[in-house]
Structures are given as structure tokens and as C-alpha cells.
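The values are calculated or read from the model by the stated rules, or taken from the named source; none is laboratory data. Fair warning: this is a prediction, and the values are worked out from it, not measured in the lab. A quick note on method: Cβ atoms are made from the backbone with ideal geometry, for glycine too, and the neighbour counts reach across all protein chains shown.
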Amino acid sequence: MSYFLTQLANGLSYGLILGLIAVGFVIVFTSTGVLNFAHGSVLLTGAYLVAVLQDPIGFWAAVLVGIAGAALLGVLINAVLVRNLAEANPGTAAILMLGVDILLLTELTRRIGNRVLPIGAPWGADVVTFGGITLPTSRAIAAGLAVVVFGVLWFLFARTGAGVAMRAAAADGDTASLMGIRLTRTGAAGWALAGALAAIAGIFLASFPSPGIAPTLALTAFAAIPAWVLGGFDSVVGAIVGGLIIGVVTALAVGYESDLHFLGRGLGEVVPYAVMILVLLVRPSGLFGRQEAVRV
Amino acid sequence: MPDPILIVDDLAVAYDGAVQALRGVSLRVDTGSVVAVLGSNGAGKTTLLRAISRSLGSVGGAVTAGTIRFEGEDLARRDTSWVVRAGLVQAPEGRRIFRDLTVEENLRAGGYTVRDAAARKEASERVYDLFPILAERRSQRGGLLSGGQQQMLAMGRALMTSPKLLLLDEPSLGLAPQLVEQIGDIIAQIHAQGTSVLLIEQNAAMGLRVADRAYVLEVGAVTAEGSSAELSATDDIRDRYLGVGTSEPAPTAPGEERAETTTGLQRSSTARAQQLRVEDLTVRFGGITALSDVSFTVEAGTIHALIGPNGAGKSTCINVLGGAYRATSGTVHYGDAVLSALPSHRIADLGVARTFQNISLSLEASVEDNLLVGRHRLMRTGTVSQALRLPRARREERAEREAVRRIAALLGIEDLLDRSVHTLSYGDRKRVEMGRALAAEPTLLLLDEPVAGMTHGESTVMADAIRAVQQELGLSVLLVEHDMPFVMGLAERVTVLDFGKHIAEGTPQDVQRDPEVLRAYLGTAAA
Amino acid sequence: MKHRTRTTLALAGTIALLAACSTEDPDAGGGGGSAEGDVETGSGVTDDTITVGMLTDLSGPFAAGAAVQVTQTQAFYDRLNEEGGVCGRDVEVEVQDHGYDPQRAVSLYRSMAPNIVALQQVLGGPTSAAVLPLAEADGMYLGGHGWAGVALEYENAQIPGTTYSIEGANAVDYLVDELGLAEGDKIGVVYFVGDYGSNSLEGAQHAAEERGLEIVPQEITPRDTDLSAQVSALQQAGVSGVILAAAPAQLASLAGVMASQGMDVPIVGNTPTFGPSLLETTAGPALLENFYTVTSIAPYSLDEPGVEEARELYEAADPDGELGWEVPLASAQARLLTTALERACEEGDLTPEGVVAAMRQTSDLDTEGLFATPLDYTEVTEPPTRTVYVSRASADAPGGLEVLGTVEGPSAQSYTFG
């Protein structure tokens, strides 16, 4: 039983981190209509900044720089590339983002090499134990922080003028601009927010039980794509729930692989996509995809 | 003469660098006045408003000549955001409220440019005073409001910045007669509070009632202007926009008189219209009961209207018939088939076609392509032979294009076949949508507000077209519409809904005399 | 400090690359067969130079380690040339960067093949798998393409040491003979799916059968850097030891998570699993406690003349460079190739085919400790040795590994190829 609970706790905490990444995908998509395939390298950039700066300026200062750096990188990508696209074609933008991803990733890979850069977080390799469940401290903190971040996001989107403006712009940009809302600003804000969330996720993904920053970290962002898709492309809540589902299902699939060996090895790789496909078969617009509530 | 707040001088606008939408348009709005712009669909009214609010860019339009001055300031180099901050706000056509946002959040978004929290609070208090129903529903999602409430929200949202000049694009569109009157009163009230208003209205009676001055826009140019009183007295205006004297037409025996509009439409199958029986239909969304035990029958080959105030459940009913919503209880029979148990594509296979209140067309595709999509159900050749352009497929394609052309001619949109839909006005899009439904050669046609946003003259053309296809294809028509002259002149039977309940049924004459209907729906306008 | 190291490293790699490019001689391929001293020559050999190739990864995932090897190789040949070169000629290295892209590796091979007499190294599993068949058709010596068993099908392939499967078998033998595992125990194998990890798993599975143990396999990909779920599963299965055929990031996670879950069992890794930078991560203490590695090539810190010489060369060439098994490996590969070139020269056939033939005549090559035993290349289908070094993580040893000894266990001996 405690084995199951441990795997469940692992899955939930990992799922919350995936949720942070998936929410970034959603926000960029709703604010600028771009499928941001460069999200992984933005994440890696944020985490990389933390890893190289934590020695000279201290971990917490490095965290701030990392988050700000990733946010800024997002804003730059949006300002320099996305906004200048002649045609707002989602396909073109997505392919452009793939290109950006390859460029950033090549440069970061060159800098990181085949070493593993420690993130230098104060929680190190500590673990917490409660009720027979052992969870890395970093994961426990990540889970708590993710919940706080989601709370802050809720407050931002539901209670502040800027957040409501972003939602309005996402729902109907044309009309929102008639209200004086500048779409360039809501777009930039979306990219910045997504970058910051990615950096936070990156810090925890590079923390124990992972050893540190390695170029493969960028690929983890792709693990959040099934979460994003099954939650419904444009739903923040869907991204969070999707992240939790993928996290838990992956952890359980790996944890019980020996009992599921008739399905073959390497289940953890396949299961997220299988779940995504199953969900989409039943609900083609994802769990929380926009379904117009119309009553006239 | 009072100071003008807005001067438009010799304005020209083109779309995609080619389609000339406005030519040499000049108009002025004096401070503290209400100015109405009348005109048929495609005349360029919305284009004019977009040019003033600097929002042409997003629809591919550009000012090619002329100037717009707001309080003496040339707007040529200004963007929407600046214009809003300067005190000029547009409430867009079709309400365009943010459906997933609550009423309160919609207003918040409207007041985005107001930095001062106290001023924002004051503005929202004013809006709630003006529209008490919005205060009641402040935490409800915008998409759940009725059409009238949505229009109020759209206006309230625009008022959040306390604008000096308010641009209103078709505020009465799709509203029941009673509500149209109410919107008119509200405009007068907004005006009384010191806001100047530039109003676009297809409901010329309402427009002229609230406006001090009016302009008539036709095919991109101003053809008449003057005080509202002057214009109301003009014969031409009365004929084309007010429809005075034709509001009570006896349903003309259509057969003989309309013979000359024969269009050569022929069914490519032997499908025949069937009787549509709606029995004890109930639909609930969460806690809201949209329809409650509604029963009525549409006889094969007749035109049947469903009327009632906004929020009465008319669209819900159409949506159930078309398969978009599931009935909570009750059944719908079409001939022997049980519609309420089928998914929407199976319903389409039975020969049921529909149009939508909120038009759903492929915006980038041409009108012709949109109509051809409607033919898809009837095409015989497979995708492969079409892709290979085999002779049989080419022959069929020619035949299909010819059929589409005839439908377009019938609806008066023949000249628009090559245009892409996003360049069309609301009314023209309605006609394209109707054409697409007809292209499928249905035996039962469900029309959701087919003449919303059309002038009197245009709705007459539409009525003729509906009658003609009904005769030639022998189909049944069930329509939802607020335009009473249109309904009364066209329908053979009318069912009236109110708050999801069936309150009256009968011939148009019977229904119009029913006191219940007068109270709930028609108000004083039809009395 | 770390940052500076990295910059220097990258710089060193770049310089080495530039140097290699600048020595490219457009006429190198035109040597022809009319050489002095009755030596027949072919591509890559002129009257005064012998050009050898390196197809490596200077811009992809293995760029850092590859740069170390390029530096070391260059230093090796510089010294060799000072001492008179081979066959009266200087040896020059042409370095090309395939970026770990097999497609690019193939086209680079095509373009460099006419200019070289042998390929000292193609770095990476998929890249060498792509180039091997082409090189075989050309009769071109191809070295150091990783340690996967598939290489044993090729006449022209030079395996530096032994295969991953032999490493895996030896790992099981070591766990049983030295680390206290017994018949009936379970061993977890966490491996990258593909020619590297799967090959190691095969060896471990053979050994487990032989010794009466049970293998609990856990397949992962390079993307998995959090092995919590895998560790929990291994713990649940009750394994008494773990074999890892992956990369440093996976090792750090595995060791860290195992420690955090109180799983105090040994981890034995294949050659590519360890990197000295791991000891600075949070997994450092756990690695020092439980990590062992079985390697064909000697660890950096081994006190044997061949390794000492390699260290000395490297520290002169790049005083701030990262220390690791790449250094002895590059020296060893350069040495193997030099030996083959010298023998080919003696035989009077300094053509690519002559070099391959010379390699295949080498039956008892002493590498002064760079490999655990003398190497025997005479059997194509046999690895040159079945003995590996066993080392454990150490905070004091340069390169982070301290050598415990050599192993050639019974299962490693009984493992058959094919």
C-alpha cells in the first residue's frame, strides 16, 4: 500500500510540475495563437541560468535571474519572431518555433556539454517521510509551490484588470482591442508568464531526484505536451488536470511495469500518449477545451 | 452650430487593397447628439465604424483617402488603444461579448483603460443602474445571458470608459420587438447623460426615433442625409427602410404570383418532406430549464414559425432538432425517424438542414466554396476520382457549380460568389448560410433568424426566396425570427414560446390577437 | 571557476578543430603508389605525411568529451611527430564534426575518405553504425565507435577493449564474487534502449543465468533524468544490486534516489555512465558510497605507464581541461592506430587495406595499462579482450575514479557472440 502511495505521491508532484509547463503552453497559445515548440529550450535556458549563477551570486538570486531571463527570452521570441510573421498562420509559427528550439538547444548543449550542472538548491537530496510515504523534499516543495503558483494565476486571471484583459484578448482579440486592450501587450505578458513558469518548472526538474541541468531537460517539456492536449489546448485548468493525470499515470505505469510486462517494457514513454489518445477519442476537444455555452 | 465631436471627411476604404468598401464618405457628429447611419447590408456601415475606431487592420481593410477627426485630432496615426483612451469607444456588431467571462469580468475588460479604481467602480455602478438585470447576473458567464442581456452587456462594456462618443453597431440585431424598443430607450438615456452616439441600425424606425440626424449609406457612399424628421418623411426612405404600410400583408397565395421567380431548382433525389412532431420536449442545462414540455407539429411542406422573446428557448429548440443539443426528455419524430436519438450527421442524412443564429461559415473560403460544401452530401463521385479529376468527377463538378449558381441567384448573392466570406457584411453572410443549407437539398429546413440584420427591402427578397424554394422543392421550413412583418407574411402556422413554455399556437392572425402573446412578446409595437 | 574551465575547453576544442582544418592538404589524396622505400601507399599518404581521420561530435550532445579527445589525440601525434613520426612521415589528423547526426556523418565520411588512410575514431553508436558498412566496403580501418557487440561483424572495426555485453557480464560476476550477492538474488538493470544499453543487458542476462540470479530490467531513454519511479519499482522487486547502462545524468538520479529511499545496494555502471562532475551534484555522497564501474579503458587515475604518459600529455596540452576516461581512451586509440600504421609500413603496404590487415595481425599488443590485458585483434568475431577494469567513485582520485583491480569473470568468459 505504501508502495502505491509513494508512487502516487511521486506522480502527483511530477504532475504538478508538468502542469506548470503545460499552463505555459496554454497561455502562449491563447494569448498569441502559437503552438510554442520552443518552450523546452526556454525552460532549459531558465534552469541553465540558475545553475551557472548559483555559485557566484547565490541560489535565490540566481533563481530570480533565471525566472526573469526565461520570461525575457519568451518576450523576445514573441517580439522578434512571432509578431513579425507576415501571416498569422499557426502552422508557420509552430514550425518557426521548432527552428528556434533547435537553435537554442544547440547553443545550450554546446555550453553544457555532456556534464551535469548541479542546480545548487538548498534542499539538496533531502527527503521527507510522512505516513509511510517517502518523497524528495524538492518534489514536496515543488508541489506546494505549484499549488501556490496556480493560486496566484487564478487571482491574476480572475481578479486583476490585466488578467481579465488577457482572458478577454484570448477569447476575442478583435473585440478586446476595441476596449483599448493592446494585443501586443497581452501577447508579451503571455510569453513572459509562460517563460517564468517554465523556469520554475525547470529548476525543480533539475533538482533531486534529477541530478542537475543536462540538455535532455528540454525534452521534458515535450512530456507536458500530452498534458496540454488532453486538457484542451486553451484551458489553464485543463493543463493542470492534464499534468496531474499524465504524472500519476506515468509513475504508476513505470512503478508497476513488472506487473504489466505483457504490455512490453518502456511503458513510461508510451503511456502519456496512449492516455492522451484515449481522452481525445472520447472528448475530441480535450477535457476542458472550449465548449461554447450558448443560450438564447 | 454646436461643436462637432467627430468629422469624417471624404473617406475611402478598401479591403485587401482591392475591394472598395467606402468612397468619399463625409459625415459629422455634433457634441451631445445622436447620429444614425442607415443602409442595406454591404453598404459599408460597419466599415465606416471600424475606420473611425481604427480597427480596420484586423479585417484586412485600410483607409485609402480622406481624414477622420475626433475632437479636432486627426486619427490617421492613432491606434485603437489611443482612440479608446481619448474617449471614443465602439460596441461591435453581433454583441461579441466574452462568453467565458462573467458579466463583471466583461465590464472589467471594458474598463481596462481606466487606471483609477474609484473611477472604474463608479462607471460600473452607472452601468448597473442603467441595466439592473446585469447587476443581478454579475457573476454569471456572459455566454449564458439571453440575446437582449448580451446586447446590454455589450453596451455596458463600452460605457465602462465613460466615453465621449459611443459607436453602436446594430444594437437591435436579433432582438424581439419589445427589446428593440427598450434598447432605443437606453440609447436615449445614454445620450441624456451627455454621451454622443453614432448609431448603425438596420431597424430604421428605431434608429430614426432616437437619432437627431441620420445618413443613408448605399454601396459605399452617402446618398441622403438630414434630420431624422426630414428623412422619415421621405418616400424613398419609407419604402426601403421603414416598410411602412406593408407590415400586415395577407399571405399572398404564392403559387401563381411567384411563378416568374422559378429558378430551375430540382431535387436530385426523390426525398419528400415528412411531418415533424415535437412531443413533450424538455431541455435543461445545469439548473436552467430552457424548454419545458413543448409540443408542436410541423406538417409536411409547410412554413412554420417559432417566435417568442429572447431567452424563450427558440434556438435551443432548433438546436435539439438539428442534433446539436440532447433532449433531457421528450421525443422528436421526423416521419418515422426519431431525431432526438440521432447524432447531427445522421440527422443531416435524413434531409434536415439548418442555419445558425451566429453564422458559422468558413471565413477564408469563397462564397461558392461555402455553398459547394453544402452539396457534399449529394455528391456521387468519391474523393479519389475528384482528386484525379476523372471525367465523371469533372462533369459532376460542373453540374454542382451550376446548381450552386442557381441557388445564389435565388438569394441575390450571385455577384458575391467569388468573394471570400470574411469580406461580406452580416446580412450577406446570412444569405450565404441560407444558401449553403439549401444546397444540401433538404426536406426540412431549420432557419435561425434568417433576416436578422436585414433592411425591410432585403427581408422581402429573403421571404420571396424562402417561399420559392419551399414551393419548388416541396420542403418544410421551421423558422425562428423576430421580424414580425416577415413572420406574419410568410408563415402558415406560428408557435409562441415564452420562458421555455408553449404559450400559444395558431395562424399568424390568431396569434397576433392573442392577449398572452401581446403581453409577453409583441408589446406596443404590434398593438 | 567552472565557467572558465568550460570556456577554455570549448576554446581548446575550437582551436584543435581549426588546426586540424588548416592542415588539410588538398593534395593529400594524390600520393599514389610510387613511394620511397618500397612502401605501397594509397589514399591519405604522401611522401612526408600520413593523414588519419576523426569523425567526432563537437556540436552535439557529446561535444565536451569529444573536445577532450581531440585535444589529446592532437597532443599524441604532435609528440609522435617530434620523435620522428611513422614510416618516415608526419601523422596529421583531419577532424570533422558530425554533431551526432548519422546523415551528416555519412556525407562527411564520403568527403574525407579519399584524403585519409584510416579513421581513428567515429564517435557515437548511431553515427558509427551508419559509417561502418561504408568503411568496410572501402576497406577502411575504423576505430573507437563505442563498445557495442554489433561491431564484431566487421573486419575493419577496431574495438578499443571489449564490448558492453562483456562489461555487463563482468558486472554481474563482480557483484557475485566481490560484493556479496548470492544465487537467487535479483539484480536491476536500468538501461537505454538501443545498441548500447540493450547490449549491456544481454551480457548481464547471460551472466545471471550462468550464476543463478534474476534480472529485473527497467528500460529508460536519455530523456529520463528522474528515476524515482524506476527506483521504487526496483526496491519493490527487492534487488540486491543495480547495473546501469545509461549516461551520467541517469546515474546521478539513480544513486540519489536510491540513497533517499534507503536503498543501500551497489550500482555498477558501464563505461559511459560516469563523469567526474557528478561528484559535485547532490548525488555525490551516494556515489562515493555505492558506485562501481566496469570499463574497458583505464580510468584517468590509474598508475600504469601508459596512463601516466597520457595524463602528462593532456595536462601539458590543456592544464585546465576536464579529467576523465576520454584522455586515456584517446591516447589508447592513437596508439592502436600508430601500431597498425607501423606494422603496415613494415609490411610495405601503407594503403587503407594494408592498415586493416596490419591491425588484424596484431595478436598480443601491450598498451602499458591503457587496457587491462594485451589486446588480440586476430579474430574478427572475438573482442580483443574480455577483461575490464573495476573502479569505484573517489573524491580524491583525479577524474573521480579509483581503480580496484581487473575482472574477467566466468560468465564473461563463457559469453558467446553471434
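Worth pointing out:
- The single condition among (1) within 14 Å of chain A (Cβ to nearest Cβ); (2) surrounded by fewer than 24 Cβ atoms within 10 Å (Cβ to Cβ); (3) polar (S, T, N, Q) that C:Ser260 does not meet is (2).
- Residue in the range A:217-227 that is within 10 Å of chain C (Cβ to nearest Cβ), assigned to a helix (DSSP H, G or I) and aromatic (Phe, Trp, Tyr) present: yes
- Residues being under 27 Å from the mean Cα position of the chain (by Cα) and either modelled with pLDDT of 90 or more or of a type in the set (Phe, Trp, Tyr) (or both) - total across the range B:9-21: 4
- Once the range C:271-306 is narrowed to residues that are among the acidic types (Asp, Glu) and more than 18 Å from C:Val242 (Cα to Cα), the residue that is surrounded by the fewest Cβ atoms within 10 Å (Cβ to Cβ) is C:Asp303.
- Test: residue in the range C:322-332 that is over 15 Å from the mean Cα position of the chain (by Cα) and more than 17 Å from C:Tyr141 (Cα to Cα): yes
- For the range C:152-175, a residue qualifies if it is hydrophobic (A, V, I, L, M, F, W, C) and surrounded by 24 or more Cβ atoms within 10 Å (Cβ to Cβ), and the qualifying residues are C:Ile159, C:Ile166, C:Ala169, C:Ala171, C:Val172, C:Leu175.
- From A:Ala47, A:Ala79, residue being in contact with a Leu (Cβ under 8 Å, 6 or more places away or on another chain) and of a type in the set (A, V, I, L, M, F, W, C): A:Ala47
Residues checked against (1) in contact (Cβ under 8 Å) with a residue 12 or more places away in the chain; (2) farther than 15 Å from A:Gly212 by Cβ; (3) outside the structural domain of C:Glu326 (by TED's automatic domain parsing); (4) among the small types (Gly, Ala, Ser):
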{"position": "C:Gln230", "(1), (2), (3), (4)": "yes, yes, yes, no"}
{"position": "C:Leu234", "(1), (2), (3), (4)": "yes, yes, yes, no"}
{"position": "C:Gly238", "(1), (2), (3), (4)": "yes, yes, yes, yes"}
{"position": "C:Pro248", "(1), (2), (3), (4)": "yes, no, yes, no"}
{"position": "C:Ser260", "(1), (2), (3), (4)": "no, yes, yes, yes"}
{"position": "C:Gly269", "(1), (2), (3), (4)": "yes, yes, yes, yes"}
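- Filter pass, B:Leu48 being more than 14 Å from chain A (Cβ to nearest Cβ), within 30 Å of B:Ala312 (Cα to Cα) and surrounded by 22 or more Cβ atoms within 10 Å (Cβ to Cβ): no
- Qualifying residue in the range B:167-187 (condition: under 20 Å from B:Arg85 (Cβ atoms), in contact (Cβ under 8 Å) with a residue 40 or more places away in the chain and either within 12 Å of another protein chain (Cβ to nearest Cβ) or not in a loop (DSSP other than H, G, I, E, B) (or both)): yes
- Whether a residue is among the basic types (Lys, Arg) and touching a residue at least 60 places away in the same chain (Cβ under 8 Å) was assessed, and C:Arg343 does not pass this test.
- Test: residue in the range A:273-287 that is closer than 25 Å to C:Gln230 by Cα, within 12 Å of chain C (Cβ to nearest Cβ) and either without any contact (Cβ under 8 Å) to a residue 24 or more places away in the chain or out of contact with any Cys (no Cβ under 6 Å at 6 or more places or on another chain) (or both): no
- Scanning the range C:271-283 for residues that are of a type outside the set (A, V, I, L, M) and in contact (Cβ under 8 Å) with a residue 40 or more places away in the chain returns C:Thr271, C:Pro272, C:Phe274, C:Gly275, C:Pro276, C:Ser277.
- The listed residue being in the same structural domain as B:Thr46 (by the TED database), under 20 Å from B:Ser55 (Cα atoms) and basic (Lys, Arg), out of B:Arg77, B:Arg99, B:Arg138: B:Arg77
Results for (1) under 29 Å from C:Gly124 (Cβ atoms); (2) facing another protein chain (nearest Cβ under 10 Å); (3) not in a helix (DSSP H, G or I), shown as yes or no for each residue.
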position: C:Asn199; (1), (2), (3): yes, no, no
position: C:Ala204; (1), (2), (3): yes, no, no
position: C:Ala208; (1), (2), (3): yes, no, no
position: C:Ile215; (1), (2), (3): yes, no, yes
position: C:Thr225; (1), (2), (3): yes, yes, yes
position: C:Ser232; (1), (2), (3): no, yes, no
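- Enumerated helices (runs of 4 or more DSSP H) restricted to the range A:114-187, each holding at least 2 residues that are within 14 Å of chain B (Cβ to nearest Cβ) and β-branched (Val, Ile, Thr): none
- Top-ranked residue of the range A:143-161 - restricted to ones that are crowded, with 16+ Cβ neighbours inside 10 Å and touching a residue at least 40 places away in the same chain (Cβ under 8 Å), ranked as farthest from B:Leu107 (Cα to Cα): A:Ala143
- Number of the condition not met by C:Val86 [criteria: (1) in contact with a Lys or Arg (Cβ under 9 Å, 6 or more places away or on another chain); (2) touching a residue at least 60 places away in the same chain (Cβ under 8 Å)]: (1)
A quick yes/no check of all residues on (1) over 20 Å from C:Pro272 (Cα atoms); (2) touching a residue at least 12 places away in the same chain (Cβ under 8 Å):
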| position | (1), (2) |
| --- | --- |
| C:Val327 | no, yes |
| C:Thr339 | yes, yes |
| C:Gly348 | yes, yes |
| C:Thr362 | yes, yes |
| C:Thr367 | yes, yes |
| C:Pro374 | yes, no |
| C:Tyr377 | yes, yes |
| C:Ser394 | no, yes |
| C:Gln413 | yes, yes |
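- Taken together, A:Pro136, A:Pro122, A:Pro90 contain a single residue that is surrounded by 18 or more Cβ atoms within 10 Å (Cβ to Cβ) and in contact (Cβ under 8 Å) with a residue 24 or more places away in the chain, which is A:Pro136.
- Of the candidates B:Ser26, B:Ser40, B:Ser55, the single residue that is assigned to a strand (DSSP E or B) and over 17 Å from B:Ala211 (Cβ atoms) is B:Ser26.
- Matching entry among C:Asp97, C:Asp138 (being of a type in the set (D, E, K, R) and over 26 Å from A:Arg110 (Cα atoms)): C:Asp138
- Any hit, the range C:135-147, residues being surrounded by fewer than 24 Cβ atoms within 10 Å (Cβ to Cβ), of a type outside the set (Gly, Ala, Ser) and within 14 Å of chain A (Cβ to nearest Cβ): no
- Residue in the range A:197-204 that is of a type outside the set (Phe, Trp, Tyr), assigned to a loop (DSSP other than H, G, I, E, B), crowded, with 24+ Cβ neighbours inside 10 Å and within 14 Å of chain C (Cβ to nearest Cβ) present: no
- Extreme residue, modelled with the highest pLDDT, among residues of the range B:389-433 that are surrounded by 18 or more Cβ atoms within 10 Å (Cβ to Cβ), of a type in the set (Asp, Glu) and under 16 Å from B:Val461 (Cα atoms): B:Glu433
- Selection of helices (runs of 4 or more DSSP H) fully inside the range A:1-93 by the criterion of at least 2 residues being within 14 Å of chain C (Cβ to nearest Cβ), among the aromatic types (Phe, Trp, Tyr) and touching a Ser or Thr at 6+ places or on another chain (Cβ under 8 Å) returns A:2-32.
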